[in-house]
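The values are calculated or read from the model by the stated rules, or taken from the named source; none is laboratory data. Just so you know, these numbers come straight off a predicted model, no measurement behind them. Please note: Cβ atoms are built from the backbone with ideal geometry, for glycine as well, and neighbour counts cover all protein chains shown.
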Amino acid sequence: MFENFTYKQKLIGLGVVLLLLFFTANKRSFKATKNAYQQMKEVEAKVSYLKDLSLGSKELQNQVALYNNLLGKQDIEASQVQQEILNFASKYAIVDIDQLKETHLSESNGFHIITNQLVLEGDFLSLLEVVYAFEKKFNTSILVSINFLKEKNYQRKKDKLKVQLIFQNYEKS
């Protein structure tokens with residue numbers, strides 16, 4: 001059947017068949033592969049965007065935790081803060097609670113400030129241990145001031161060692 005055609009005609013026919021095969025292959029597989037590759041690139045871009053967002057939200061959560069450590073917990077009532085301080089101090093039997101002064105509320109520069117004062121009594125090492133625990137483990141309020149006081153009892157001729165702790169919480173007004 002192909003003996004009647006010249007080499008030139010056979011070459012042209014072969015070229016036409018190859019061209020038809022190329023267009024068919026392009027339509028069936030190459031185009032689908034190219035579209036799948038483009039979709040994969042779009043999905044990768046979206047995934048990287050979502051990862052950046054999640055890292056941003058984790059960073060925001062870390063910043064909120066940092067500010068809570070610096071400013072004390074927010075959206076908490078003054079009586080609840082005082083109760084938390086009392087509960088934490090009563091865990092330590094090595095010191096005695098001498099005074100828990102009334103909560104002081106004030107406004108300054110757009111902040112609502114809650115101030116609590118606690119006075120503990122005991123020996124130096126015990127007081128130091130409790131103050132350290134307040135500093136490291138107590139996260140409801142921030143410890144802003146520590147004053148060691150020595151009171152002389154003239155009747156018993158003994159000295160009492162006390163520590164005054166001042167806690168504050170800041171909230172945006």
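Take Glu59 and tell me if it is without any contact (Cβ under 8 Å) to a residue 12 or more places away in the chain and touching a Leu at 6+ places or on another chain (Cβ under 9 Å).
So Glu59 does not fit the description; no.
Within segment 159-171, track down each residue that is under 19 Å from Leu143 (Cα atoms) and not polar (S, T, N, Q).
Result: Lys162, Val163, Leu165, Ile166, Phe167, Tyr170, Glu171.
Looking only at segment 138-154, how many residues end up being under 30 Å from Val64 (Cβ atoms), modelled with pLDDT under 90 and either assigned to a loop (DSSP other than H, G, I, E, B) or not hydrophobic (A, V, I, L, M, F, W, C) (or both)?
Residues flagged as under 30 Å from Val64 (Cβ atoms), modelled with pLDDT under 90 and either assigned to a loop (DSSP other than H, G, I, E, B) or not hydrophobic (A, V, I, L, M, F, W, C) (or both) within segment 138-154 amount to 4.
Being of a type in the set (A, V, I, L, M, F, W, C), in a strand (DSSP E or B), in the same structural domain as Ile85 (by TED's automatic domain parsing) and more than 20 Å from Leu86 (Cβ to Cβ) narrows it down to one residue among Leu120, Leu161, Leu165; which is it? Please lay out each step first, then the result.
Numbers: Leu120 fails: more than 20 Å from Leu86 (Cβ to Cβ); Leu165 fails: more than 20 Å from Leu86 (Cβ to Cβ).
Just one listed residue meets the conditions, Leu161.
Report, by residue number, each residue of segment 137-173 that is among the polar types (S, T, N, Q) and surrounded by 17 or more Cβ atoms within 10 Å (Cβ to Cβ).
To start, the set of residues in segment 137-173 that are among the polar types (S, T, N, Q) comprises 139-141, 145, 147, 153, 155, 164, 168-169, 173.
Within segment 137-173, Thr140, Ser141, Gln168, Asn169 qualify.
Which residue, of Ser79, Ser48, is surrounded by 10 or more Cβ atoms within 10 Å (Cβ to Cβ), at pLDDT 80 or above and within 30 Å of Ile113 (Cβ to Cβ)?
Only one candidate qualifies: Ser79.
Can you name every residue in segment 105-126 that is modelled with pLDDT under 90 and either within 30 Å of Lys150 (Cβ to Cβ) or in contact with a Lys or Arg (Cβ under 9 Å, 6 or more places away or on another chain) (or both)?
Ser106, Gly110, Phe111, His112, Ile113, Ile114, listed by residue number.
If I ask for residues that are exposed (fewer than 14 other Cβ atoms within 10 Å of the Cβ) and without any contact (Cβ under 8 Å) to a residue 12 or more places away in the chain, which ones from segment 95-136 would you list?
Within segment 95-136, Glu102, Ser106, Ser108, Asn109, Leu125, Tyr132, Glu135, Lys136 qualify.
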